[in-house]
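All remarks here apply to the structure that follows.
Values in this text are rule-based calculations from the coordinates and carry no lab data. Quick caveat, the model's predicted, so the values are computed rather than measured. Every residue, glycine among them, receives a Cβ derived from its backbone with ideal geometry; neighbour counts consider all protein chains shown.
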Amino acid sequence: MTEQVKKTLGKTFSHKSLVLEDISFAWKKGHCVLDKCSFSVPGPGLWMLVGGNGSGKSTLFRLISGIIRPQGGHISCSLKSALVLQNPDHHLLLPSCGSDLQLSLPREMNTSERNKNITFALKQVGLTNMSDRPIHTLSGGQKQRLALAGALASQASLFLLDEPTALLDPVSQRSILEIVRQISRKSTEHPITALWITHRLEELTYCDGAAIMDKGKLGKWFSGDQIIKKLT
Ligand SMILES: Nc1ncnc2c1ncn2[C@@H]1O[C@H](COP(=O)(O)OP(=O)(O)O)[C@@H](O)[C@H]1O
Ligand SMILES: [Mg+2]
């Protein structure tokens, strides 16, 4: 992490909760998507990844979330992760907001804890009192906010956001950016680390640090402004 990024955040980090060491992965033999990729996430906050199409960003998220396993190297992750995809229709399953969030809650929670958590998650994403609302009546932006509420309800502390605003209009895009920035900067007992893949350079102004994915590796963390300068 650069001094600039540390300054941006105004704090120093001692604990690394996600560390990747020499990760290699090929979908097809001989075609390495990740090639001895090593990095660590400095701490809670909003961290953005940029890189060309096919540079391996989504593959990296699948590896971090454990959907696929690296063919070389080691991932150390002490955080529970939740994946949020481009298209919320790909992970919203049940007919109402509340019933969909029920699926995300940890199994062991009792009914009163469940209700409390659903109310809290909906409030955090600006969907207060929408528990009974049918999902098909939500706008694209509201659906994506519900997907974020699902990540919150799951008690995950590592949010893996794979181009979450790609299908949204500018107003909904900003609301998702604001919400994620806010929840990842809250100093609570349950701090959130958000990794966000984007190809929209203007989004980099919201992050605490950003890095470029290239040639199978993730580069160093810089401030969002520094990355914008490098890419323009
Ligand atoms: N499920 C898959 N099966 C085979 N190849 C894949 C699969 N997913 C991604 N790839 C290939 O891996 C490479 C990296 O893809 P991806 O991780 O999706 O990149 P990015 O998200 O940076 O656009 C691409 O060449 C892509 O075609
Ligand atoms: Mg992708």
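Structure values in brief
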item	result
Inter-label distance for Ser65 and Lys220, nm, one decimal - labels placed 7 Å from Cα along Cα-to-Cβ	3.1
Out-of-range pairs (alpha-carbon distance over 18 Å; input Lys28/Lys57; Lys57/Lys143; Lys57/Lys220)	Lys57/Lys143
Exposure proxy ranking, count of Cβ atoms within 10 Å, fewest first, for Val50, Val33	Val33, Val50
In order through region 190-197: 3J(HN,Hα) via Karplus (6.51 cos²θ - 1.76 cosθ + 1.60), integer Hz, x for Gly, Pro	10, x, 10, 9, 10, 9, 10, 8
Gain in span if fully extended, Thr119 to Asp35, counting 0.36 nm per residue against the direct Cα distance	25.9 nm
The chain: calculated mean residue ellipticity at 222 nm from DSSP helix runs of at least 4, using -39500 (n - 2.57)	-10000 deg cm²/dmol
Gained length - His199 relative to Arg185, 0.36 nm times residue gap less alpha-carbon distance	2.8 nm
Fewest-first sequence of Leu204, Leu161 by Cβ atoms within 10 Å of each Cβ	Leu204, Leu161
Globularity ratio of the chain, using Cα Rg and 2.2 N^0.38 Å	1.01
Fewest-first sequence of Thr119, Thr205 by Cβ atoms within 10 Å of each Cβ	Thr205, Thr119
Ordering of 94-103, 148-157 by packing [mean C-beta count within 10 Å, highest first]	148-157, 94-103
Pairs of Cα atoms farther than 15 Å apart, region 94-155, %	38
